[in-house]
Amino acid sequence: MPAPATTSAFSPPATSPGVVLLPGDRFFVRRIPLQADAPLAAQIELALETLSPFAPEHLLSGHLIDAKKTHALIYAAYRRNFTAADQSDWDNAEAVIPGFLPWIIARPALDLKSRGLLVADANGLTGIAWDDQSELPELILSRRATADSAADERTLLAEFTRRSGIGAAAMTSWPADRPLSLQPASDGLQLTIAEREPVALPAKTLASADVRNTQVLGQRRRQTARNRLTWRLAAGTLGALALCVAAELGLQGGGFWLQQQRQLIDSRAPEISRIESAQNLAARLEQLSANQLKPFEMLAAINRPRPTSVEFVRVSTNGPLQLAVEAQTNNAADLRTYENALRQMPGIAEVDLRDPRMRDGRTSFSLTVTFKAGWLAGGGGS
């Protein structure tokens, strides 16, 4: 905003372009008591109708309610006091409020030593008086600046003292080197004074403090919601595109890495082939060593449990693990005894006794014994 038109001893709020501060002298302001058993909105509307000479539809009005909900500060201005040029930027503004309102909200951060505050803005002087009944002021006086700033201040202070009982000596004049900054925040407005903690004006409170009609505010809230949705969709789309680009780059990088690995494998293919051939040869040699024909060891193994009546007539091999025996005995009962003894040997996989024949008191038979692989390494057949 432009520099104050009155005196350098005062400093107006430094506002965002999205916040419109209206001249306080165009508003009548009252603090009214509230009844706990009646709707707040109805009480405020009734007070406006009672105090204003104009119908509510011809007013620009707003209000604040204190924390205990025992008092409300209502203010209103005749709509025709603001020209079309004055209202040209209202539709796009974050807030349209009287110029004195930020000083009321910021009082906790002002660290006032008195009940009265004198401030100046580009439009003139404002005096604010508080009492002990509420954090809302009991009196607000705003006067438009003229060419004689000293006379303006004397006139306002005289009326202020008469109505509030607070003399000029007991008032605080806000210094210019401690400006009040008023900026839009994520939830309403934020007021900051020098190095002190910011004071928030929540969006819910700001909605009732804004002097624009509810239809305009409703349209703005809907537009804001649409803008936020559009922004989120755009941000989500950009994020998805970024992920797609990252995935594409990752796939290209992965393909390049795989191509390098394939080239490395292809370059080592002869060496790998030699290693595989050596391993296959070693495995084959080990297999041949394990399956080497050992007829005498197999014969010795099946001879250990042989009954004395059983005589081997002919022995032959069928591969490295099978022994074929032609035998005879003069005691037929020893056939099954011998067969069972062979079956119980841990190194023997299968016993096949065939064609038992009796002739001249002797029984001849064929016996095929199959050994397990590696039977000899496990301790032989016994």
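Just so you know, all these numbers are worked out from the coordinates, no wet-lab data involved. It should be emphasised that the depicted structure is a prediction, and the values quoted were computed from it without experimental measurement. For neighbour counting, all protein chains shown are included, and Cβ atoms are generated from backbone atoms with ideal geometry for every residue, glycine included.
Neighbour counts of other Cβ atoms within 10 Å put 355, 66, 210, 121 in the fewest-to-most order 355, 66, 210, 121. Between residue 271 and residue 204, full extension at 0.36 nm per residue minus the direct alpha carbon distance yields a gain of 16.4 nm.
Within the chain, helices built from complete DSSP H runs that reach 15 Å or longer along their own axis (Cα positions) and carry a mean Kyte-Doolittle hydropathy of 1.0 or higher are 40-51. Beta bridges from DSSP with both residues in the chain: antiparallel share about 85 percent, rounded to the nearest 5. In this simple spin-label approximation, residue 88 and residue 155 carry label points 7 Å from Cα along the Cα→Cβ vector, and these lie 2.9 nm apart. Close Lys pairs in the chain, defined as Cα atoms under 27 Å apart and 8 or more places apart or on different chains, number 5. In plain terms, the chain from residue 362 to residue 336 could stretch by 7.9 nm, reckoned as 0.36 nm per residue minus the Cα-Cα distance.
Proximity of backbone amide H atoms, modeled 1.01 Å from N, is registered between residue 173 and 118 at under 5 Å, excluding neighbours fewer than 5 places apart on the same chain.
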